[in-house]
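Asker: Quick one: structure below, then a few questions.
The values are calculated or read from the model by the stated rules, or taken from the named source; none is laboratory data. Model, not experiment: these values are computed from the prediction. Neighbour counts are summed over all protein chains in view; Cβ atoms, including those assigned to glycine, are modelled from backbone coordinates with ideal geometry. To get the accessible areas, we keep the full protein, side chains included, count just its heavy atoms, and leave off ligands, DNA and RNA. Shrake-Rupley method; radii C 1.70, N 1.55, O 1.52, S 1.80 Å.
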Amino acid sequence: MSDRLSVFKTYKLYVGGKFPRSESGRVYEVTDSKGNWLANAPQSSRKDARDAVVAARKAFGAWSGATAYNRGQVLYRVAEMLEGRKAQFVHEVADAEGLSKSKAAEQVEAAIDRWVWYAGWTDKIAQVVGGGNPVAGPYFNLSSPEPTGVVAVLAPQESSFLGLVSVVAPVIATGNTAVVVASEKSPLPALSLAEVLATSDVPGGVVNVLSGRTAEIATPLAAHQDVNAIDLAGADEVLAKELEIAAADNLKRALRPQPVDNWLATPGTDRLTAFLETKTVWHPTGSLGASGSSY
């Protein structure tokens, strides 16, 4: 029999491409569905939330300016790295959500496929929601989607991994950067996903992952003047209402919680377009005569 001790994993936040502990030094116990201790997760503070916003804003210019094709390659790389660590995530999801190994594997495989699905959309969404507009005059009139900016994402509470991927991937696929608040009850899959993102060509600051009390972290994010939008997927009805009011005070776009019966279902493009702005450009073509444009 081996007498060596198990090496317990130290979970940390993910901010700006680095893995800090919470500045407050706080942690809280994470247990499985039966109440058994799994790990201590960092309990983020308001300062951690502000630091994450700074990192996300700093990363926004380069990420939004990258080609859609390049962003697709990066998202596909995330899927590749997850495929290699599938066994770890199956174990973590099974513990977090009280699932059998086969059910947890189904969730993890769907999450990997979802990264691939959104990777394929990065250079196609502009053709779906943008295009040329007919105008009665000597102009070109073109509409094209642009990312909103820094998006705070409250991850779903019950679907700790597939639900998380389903709300984060579309945000960054369209060129936004994200500050993610992991499931309060089951944060470990999200914190492990951060390790994958750090080794998957995702630039530091594009995704920042915080764990802790959802209300404590989300409140300053909703009121933050440098956060452009917030996804309230992981907020209950009372908290969502409070955050909507805070977001309205600074004209922040808010995506209300939407009940999802089955995260395994094809997600559609709603979340891809939720955090896009439409830019319309007018360009003169020159004088139009009977024979057509002189441009």
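Asker: Between the alpha-carbon centers of the range 55-76 and the range 215-283, tell me the distance in whole angstrom.
Answerer: The two parts, judged by their Cα centres, are 20 Å apart.
Asker: Does the range 1-55 classify as rounded, prolate or oblate by the C-alpha gyration tensor (a ≥ b ≥ c root eigenvalues; a/c under 1.5 gives rounded; else a/b over b/c gives prolate, otherwise oblate)?
Answerer: Taking the square roots of the gyration eigenvalues as a ≥ b ≥ c, the range 1-55 is prolate.
Asker: Of all the accessible heavy-atom surface of the chain, with the other protein chains kept in place and a 1.4 Å probe, what percent is carbon and sulfur? Could you put the intermediate results ahead of the total?
Answerer: Working: 7530 of 14180 Å².
Here it works out to 53 percent.
Asker: Further, regarding this structure: Can you check what the net charge comes to around GLN107, using other residues whose Cβ is under 14 Å from the Cβ of GLN107 (Lys, Arg +1; Asp, Glu -1)? Each step should come with its number before you reach the end.
Answerer: On the way: positive: LYS86, LYS101, LYS103, ARG114; negative: GLU92, ASP95, GLU97, GLU106, GLU109, ASP113, GLU158.
Value of the local net charge: -3.
Asker: Tell me the label-point distance for the pair ASN133, ARG26, using the 7 Å Cα-to-Cβ offset, in nm and rounded to one decimal.
Answerer: Going from the ASN133 label point to the ARG26 one covers 4.8 nm.
Asker: Once both axes come from the Cα atoms, what is the angle between helix 68-84 and the longest principal axis of the chain, in degrees from 0 to 90, rounded to 10?
Answerer: Approximately 20 degrees, to the nearest ten.
Asker: If you fit an axis through the alpha-carbon atoms of helix 46-65 and take the longest principal axis of the Cα set of the chain, what angle between them do you get, 0 to 90°, nearest 10?
Answerer: That helix lies at roughly 40 degrees to the long axis.
Asker: Provide the per residue accessible area, probe 1.4 Å, for the range 27-285, rounded to a whole number of square angstrom. Walk me through the intermediate numbers first.
Answerer: Details: 11130 Å² over 259 residues.
Each residue of the range 27-285 exposes 43 Å² on average to a 1.4 Å probe.
Asker: Please give the FRET efficiency for ASN262 paired with ALA68, using the beta carbon to beta carbon distance and R0 = 25 Å, rounded to the nearest 0.05. Don't jump to the answer; show the numbers that get you there.
Answerer: Working: r = 29 Å, r/R0 = 1.15.
Calculated value: 0.30.
Asker: Taking a ≥ b ≥ c as the square roots of the Cα gyration tensor eigenvalues, with a/c under 1.5 meaning rounded and otherwise prolate when a/b beats b/c, else oblate, which class fits the range 17-142?
Answerer: Cα axes put the range 17-142 in the oblate bin.
Asker: Taking H placed 1.01 Å from N in the peptide plane, check which residues at least 5 places from SER33 or on another chain put their amide H under 5 Å from its amide H.
Answerer: GLY98
Asker: Skipping prolines and chain starts, which residues have an amide H placed within reach, meaning under 5 Å, of the one on TYR139, given they are 5 or more residues away or on another chain?
Answerer: Correct list: THR285.
Asker: Next question. Compute the helix-to-body angle for 188-198: its Cα long axis versus the longest principal axis of the chain, expressed 0 to 90° and rounded to tens.
Answerer: 50 degrees
Asker: Let me ask something additional. Below 26 Å, Cα to Cα, which lysines can LYS241 reach? Residues fewer than 8 away in the same chain don't count.
Answerer: Here the lysines satisfying the reach criterion relative to LYS241 are LYS47, LYS185, LYS252.
Asker: Order LYS103, LYS279, LYS58, most accessible first, counting only protein heavy atoms with a 1.4 angstrom probe. List each step's numbers first, then the result.
Answerer: Working: LYS103 115, LYS279 90, LYS58 175 Å².
Correct descending sequence by accessible area is LYS58, LYS103, LYS279.
Asker: Still on this model: I'd like the Karplus ³J(HN,Hα) series for the range 102-108: coefficients 6.51, -1.76, 1.60, θ = phi - 60°, whole numbers in Hz, and an x wherever there's a Gly or Pro.
Answerer: For the range 102-108, the Karplus curve yields 5, 5, 5, 4, 4, 5, 5 Hz.
Asker: In whole Å, how far is the Cα centre of the range 95-117 from that of the range 21-40?
Answerer: 22 Å
Asker: Additional query: Classify the chain as rounded, prolate or oblate from the Cα gyration tensor: take a ≥ b ≥ c as the square roots of its eigenvalues, call it rounded if a/c is under 1.5, otherwise prolate when a/b beats b/c and oblate if not. Walk me through the numbers on the way to the answer.
Answerer: Values: a/c = 2.28, a/b = 1.84, b/c = 1.24.
Taking the square roots of the gyration eigenvalues as a ≥ b ≥ c, the chain is prolate.
Asker: Shifting gears a bit: How much of the DSSP bridge set in the chain is antiparallel, in percent, rounded to the nearest 5?
Answerer: Values: 20 of 35 bridges.
The antiparallel proportion sits near 55 percent.
Asker: For ARG271, ARG85, ARG21, what's the largest-to-smallest order of accessible area, 1.4 Å probe?
Answerer: Values: ARG271 35, ARG85 65, ARG21 155 Å².
Descending accessible area places them as ARG21, ARG85, ARG271.
Asker: Which length gain, in nm to one decimal place, applies between ASN250 and GLU146 when the Cα-Cα distance is subtracted from 0.36 nm times their residue separation? Before the final figure, lay out the partial values.
Answerer: On the way: separation 104, 0.36 × 104 = 37.44 nm, distance 2.03 nm.
Going from the current span to full extension adds 35.4 nm.
Asker: Pull up all non-local amide H partners of VAL207: gap of 5 or more, or a different chain, and H-to-H distance under 5 Å with H placed in the peptide plane.
Answerer: ALA178
Asker: Also: Is there a quick way to get the dipole size of the chain? I mean about its Cα centre, with the Cβ of Lys and Arg at +1 and of Asp and Glu at -1; what is the value in debye to the nearest 20? Could you put the intermediate results ahead of the total?
Answerer: On the way: 28 positive and 31 negative charges, 119 e Å.
Charge dipole, the chain, about its Cα centre: 580 debye, nearest 20.
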